[in-house]
Structures are given as structure tokens and as C-alpha cells.
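The values are calculated or read from the model by the stated rules, or taken from the named source; none is laboratory data. In this text the structure is predicted, and so the values were computed from the model without any measurement. Note that we place each Cβ from the backbone using ideal geometry, even for glycine, and neighbour counts take in every protein chain shown. Note: accessible area is taken over every heavy atom of the protein model, side chains too, but ligands, DNA and RNA are not part of it. Shrake-Rupley method; radii C 1.70, N 1.55, O 1.52, S 1.80 Å.
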Amino acid sequence: MPLLHLDHVDVDFPLYSARGRSLKNRFIAALSNKAREKIERYHEDVSVHSLRDISLTLRDGDRLGLVGRNGAGKSTLLRVMSGIYEPVRGHIDIEGSLASMTDMSMGMDPEATGYENIVLRGVFLGMSHQQARARIPQIAEWTELGDALERPVRTYSTGMQVRLAFAVSTTIRPDILIFDEMISAGDAHFIDKARARLDELISNASIMVMASHSEDILRQFCNRAVLMHDGCMLMDGTVDEVLTAYHQLS
């Protein structure tokens, strides 16, 4: 039975950049042991606390919507669920296949052709090379990109890149489906096709998690919601209950 379980999950992001840390290391190396230890402890403490003490269990039939202002931690939570970010504390248990559309371009190479990226993205999503190659015809047909699939992806418009990434990402049928907002890039024809395909994916998935600012979409697709605020989970309830609490918070 598919399951997605988060147990007291924390996620932190250090504030220093790679360059800043390199300069810091040179400086620290010249200090005494006592001064060096003090500065290193300071830099370890200087981080953004993106998620704090998130505990959540999703089972078959759950359709969860994440609600909150920008910066509340919704996208970070989706990426943790997807395995893109690793918790610094707590743990995640996942049972069943999972597909994430939070970062659809991950696993793709802008210098490779569209056809090559179908295979690359497919393998990134867990397909074998043989499985990914076998799906090239149906994916190519769905994208309607034609001869453009023979060109490097860096030559594509944003809409063309979304078409390709979306087509590959939605060719699998996962037990757990995670995505951030509805598809909005591209022309009206593509948006209609994409939403029809998402409807099918959501219907077939055992568990679905999405973040959206649209109350209509949340009510249409979700049977449960979580209110996020400053990286914390304030409430877990029905969509209407959580939206009411969100408006009071605002």
C-alpha cells in the first residue's frame, strides 16, 4: 500500500556561498585553534530554517493541498517529499513509486537534443534506457514539437521546454504524484492538453500532493490541506477549514 510519511522533519540552508566559504576557510586557517573553533561554530549556526518539525502521514486516497504565503515553505516541503532536499533532522518513509513535477527540467541537458533528453529525463525518473527509448514515439507525438526534437534544447523557447519536460514526466504512472501549481506555460491548446493529462494522472495516483494559490483548484483536486507558515505546519484539516484559517492568518 503506498505511503508517504514524514517524522519531525527539519530542513536548513546555510547562508554562506561556496565562494564565501572558501575565503572563510583561508582566513580561519591562519587563526589560533580557539579562534578558529569559535568562528566555525558561528558559521554552522548561520542558516535559514526552512522547515521545522514537519510530521505528516499520507495514505491511499489522500489528495493533499499545501496552503500558505510565498516563502511559507510549501515548495521546500514538496522537494523534501520528492527526495530533492534531504532533512537535517527527522526522516521520510516512502512506499510505492513516486513522480515529482516540481523540477521538471532536472535530469535534462540543454546541449542535448530533444530526443536525447527524452531518454535522459526518463532515466532520471527511474526508467531503464530501453524503457525510455521505447517511449520516444509517443512522447514525441504528444509534444507536437516535430523536427525541433532534433535540435539542442537550449534553442527551445520556455514553452517548448515545458512541453518536452511535461510530456516525459507524465508518461509514467506513479503511486505518489507531487507537483507545484498547475501548468501555466505555453499556448491555450497545450494548457488544455496538459490539464487533461494531469487529471488522468491524479485520478490514477494513490496519493497526490500539490501546492497552489488557487482556491478553486485546491477545492477541485484536494480532500485535505495543510497550512504552512514560516516553515512550520500550523494546521492539517479539510480544504475549507485550512483556507478559512489561512484567511484569518493573512
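Restrict the check to the range 176-198 and report whether at least one residue is closer than 22 Å to THR76 by Cα, open to solvent by less than 20 Å² (accessible area, probe 1.4 Å) and outside any strand (DSSP E or B).
yes
Just one of (1) farther than 20 Å from LEU98 by Cα; (2) in a strand (DSSP E or B); (3) open to solvent by less than 10 Å² (accessible area, probe 1.4 Å); (4) of a type in the set (A, V, I, L, M, F, W, C) fails for ALA225. It is (1). Of the candidates ILE202, ILE207, the single residue that is in contact with a Phe, Trp or Tyr (Cβ under 7 Å, 6 or more places away or on another chain) and either in contact (Cβ under 8 Å) with a residue 60 or more places away in the chain or over 24 Å from GLY107 (Cβ atoms) (or both) is ILE202. Considering the range 43-114, the qualifying strands (runs of 3 or more DSSP E), each wholly inside and each with 1 or more residues that are open to solvent by less than 20 Å² (accessible area, probe 1.4 Å), run over 47-59, 63-67, 98-101.
Exactly one residue out of PHE124, PHE179 is aromatic (Phe, Trp, Tyr) and in contact with a Ser or Thr (Cβ under 7 Å, 6 or more places away or on another chain): that is PHE179.
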